[in-house]
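Peer 1: Once you've had a glance at the structure underneath, I'll fire off some questions.
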Amino acid sequence: MAAPKTQGAVARLKERDDANLIGVGGVDREDSNSEDCILEPLSLPESPGGTTTLDGSPSVPCIFCEEHFPVAEQDKLLKHMIIEHKLVIADVKLVADFQRYILYWRKRFTEQPITDFCSVIRINSTAPLEEQDNYFLLCDVLPEDRILREELQKQRLKEILEQQQQERNDTNFHGICMFCNEEFLGNRSVLLNHMAREHAFNIGLPDNIVNCNEFLCMLQKKLDNLQCLYCEKNFRDKNTLKDHMRKKQHRRINPKNREYDRFYVINYLELGKSWEEVQLEDDGELDHQEDKWSDWEEHPASAVCLFCENQAETIEKLYVHMEDAHEFNLLKIKSELGLNFYQQVKLVNFIRRQVHQCRCYGCHVKFKSKSDLRTHMEEAKHTSLLPERKTWDQLEYYFPTYENDTLLCILSDSESDLTAQEQNENVPIISEDTSKLHALKQSSILNQMLLQ
């Protein structure tokens, strides 16, 4: 059994405790307190969560006897089981459905001894044998208990999602704005979006909220009691409260108030985790992913030839292949026609489509296979016989023929592919003004050349 959980339970059972936890078999602990002192420091859950009543079952029975307690008063049941039956249930707040949890263990304890499921805590182990006592700890260290808690959590999540979906589709919602008293009918999102847009009061996206009516009623009740929703201070009148919330920008709910957690779906996603813990895990996972990708090395994607299945890792190698194997010089065509990036894209997509359809774009003859088309174009030298620009420079060729055409991603839009002579021809030269030779002789850098 896990020491931290059992030691935590023992701390609640007595004021002074140097005892040792024992498992199913039992191991001595040392203590020197009476029964009254043992029960005095017990700390029961203040507001146990996740209690869901079953139809026709307004109360919850004791695991061991016929005593019944109202579902809303589960603290009394827990205290009863500790005092009368020496049973301590660990982490009750993490039990999604307390009633079903109790009913399950009530049945199991009739089938097998309690020591098969619980850790045993021996109290007053140094006292005489008749003064010693054993307490039983039921916690999720036991695999069966852990599985039960997880299944109850899944069932509750399913019910919450069904409720959320019903609210999302509901068109009979009726609500009044808490700030301007405007009435809204239809879907809950209309009211929530109005308060966010008109009054800067945002409680979250409508699709992330469940039990919306109860949520809004709770908020309205706080405002009716002249309580600020964020700092939760009380004020003497409504005008003072409104001025405070407006000036302090307190038109929002207090994120540290746990009574709001049950209205957000994220708090039902994982057993025992609040939205803050889930968010921190998500942020940490992103940071971890960034660390994993920090040493990532890019491997160049292969581009496929326009006319055959040959692939090359760089566009330079592909250019060389198409020129040597198919007498098609894309760089030369780009230079001669002055093609920019988008025109190159259109040309490539045009050629891809013609080849895919087994049609020669030079003579418009269609062939039975791509190999027949390739043989014809190479023999007739039609690979470099492009049709008029208006044929392929069309909007329809902005769309790729093949969705994974890597060639489109590595086409060059720079002038580095042009020859040095072509680059020089395009560079404008601005001469100096020679109308005033005297001033030119005094200040021009050509002064010495002119003097010569």
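Peer 1: Looking at (1) in contact with a Gly (Cβ under 6 Å, 6 or more places away or on another chain); (2) in contact (Cβ under 8 Å) with a residue 24 or more places away in the chain, which is the one condition that is false for Thr171?
Peer 2: Answer for Thr171: the failing condition is (2).
Peer 1: Sticking with this one: Taking the condition touching a residue at least 24 places away in the same chain (Cβ under 8 Å), over 50 Å from the mean Cα position of the chain (by Cα) and open to solvent by 50 Å² or more (accessible area, probe 1.4 Å), does Arg389 pass?
Peer 2: Taking the combined requirement at face value, the residue does not satisfy it.
Peer 1: Let me ask something else about it. With respect to the numbered conditions (1) touching a residue at least 12 places away in the same chain (Cβ under 8 Å); (2) over 30 Å from Phe263 (Cβ atoms); (3) among the β-branched types (Val, Ile, Thr), which one is the sole condition not fulfilled by Val190?
Peer 2: Going through the list (1) touching a residue at least 12 places away in the same chain (Cβ under 8 Å); (2) over 30 Å from Phe263 (Cβ atoms); (3) among the β-branched types (Val, Ile, Thr), Val190 breaks only (2).
Peer 1: Among the residues of the stretch 208-243, write down those that are open to solvent by less than 30 Å² (accessible area, probe 1.4 Å) and within 21 Å of Leu157 (Cβ to Cβ).
Peer 2: Listed by number, the residues that qualify are Ile209, Val210, Cys212, Phe215.
The values are calculated or read from the model by the stated rules, or taken from the named source; none is laboratory data. These numbers were taken from a predicted model, which means no experiment stands behind them. Counting neighbours? That spans all protein chains shown, and the Cβs are built from the backbone with ideal geometry, glycine included. Surface areas here come from the heavy atoms of the whole protein model, side chains and all, with no ligands, DNA or RNA. Shrake-Rupley method; radii C 1.70, N 1.55, O 1.52, S 1.80 Å.
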